[in-house]
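Read through the structure below, which is laid out as structure tokens, and then see the notes.
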Amino acid sequence: MQERPSIPQPDTSSKTESADSRGTDSAPFSLLTFLLSTITSLHVMIASLKKSLDDLGVTLTSKEKLLEVKEAKIKELEARLGKNSQNSSKPPSSDGFKKPPPKSLREKSGG
């Protein structure tokens, strides 16, 4: 991330009570210069923040697309996990040692 420019601080060492060479007070001119400098710095900071925001938007979009791909892969793998010889074209030998429960039509007797 870029380093933000600092906002200039007013020059408090200027002669605010004395007059300049023309006999006018320099305080308003110093204040105006300071304000213009501050506005310029703020414009630079805003431009930098807008660029950072745009970069974050691009990053977010790419992460969302990656998440969609990963979710689709998870669904595919979960579907493959649920398949056995009873519900797919896999041979019974691929079922492993686990046998499916018997499908008996008889009702349990007793109590």
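Output the qualifying pairs, or none if there are none: Cβ atoms under 7 angstrom, residues six or more apart or on different chains, first residue in region 45-60 and without any contact (Cβ under 8 Å) to a residue 24 or more places away in the chain and of a type in the set (Phe, Trp, Tyr), second residue surrounded by fewer than 12 Cβ atoms within 10 Å (Cβ to Cβ) and not in a helix (DSSP H, G or I).
Pairs that qualify, where the first residue is without any contact (Cβ under 8 Å) to a residue 24 or more places away in the chain and of a type in the set (Phe, Trp, Tyr) and the partner is surrounded by fewer than 12 Cβ atoms within 10 Å (Cβ to Cβ) and not in a helix (DSSP H, G or I): there are none.
State whether one or more residues within region 26-36 are modelled with pLDDT of 95 or more and under 25 Å from the mean Cα position of the chain (by Cα).
Checked region 26-36: no residue is modelled with pLDDT of 95 or more and under 25 Å from the mean Cα position of the chain (by Cα).
Report yes if SER62 is out of contact with any Gly (no Cβ under 7 Å at 6 or more places or on another chain) and not in a helix (DSSP H, G or I), otherwise no. Walk me through it before giving the result.
Numbers: out of contact with any Gly (no Cβ under 7 Å at 6 or more places or on another chain): yes; not in a helix (DSSP H, G or I): no.
So SER62 fails the test.
Restricted to region 65-99, and to residues that are small (Gly, Ala, Ser) and part of a helix (DSSP H, G or I), which residue is nearest to the chain's Cα centre (by Cα)? Show your work before the answer.
First, the residues of region 65-99 that are small (Gly, Ala, Ser): 72, 79, 82, 85, 88-89, 93-94, 96.
Filter once more, so that each one left must be part of a helix (DSSP H, G or I): 72, 79, 93-94.
Details: ALA72: 21, ALA79: 31, SER93: 47, SER94: 43 Å.
So, considering only residues that are small (Gly, Ala, Ser) and part of a helix (DSSP H, G or I), the one nearest to the chain's Cα centre (by Cα) is ALA72.
The values are calculated or read from the model by the stated rules, or taken from the named source; none is laboratory data. From a predicted model like this one, the values you see are computed outputs, not experimental measurements. In this analysis, Cβ positions are derived from the backbone assuming ideal geometry, glycine residues included, and neighbour counts consider all displayed protein chains.
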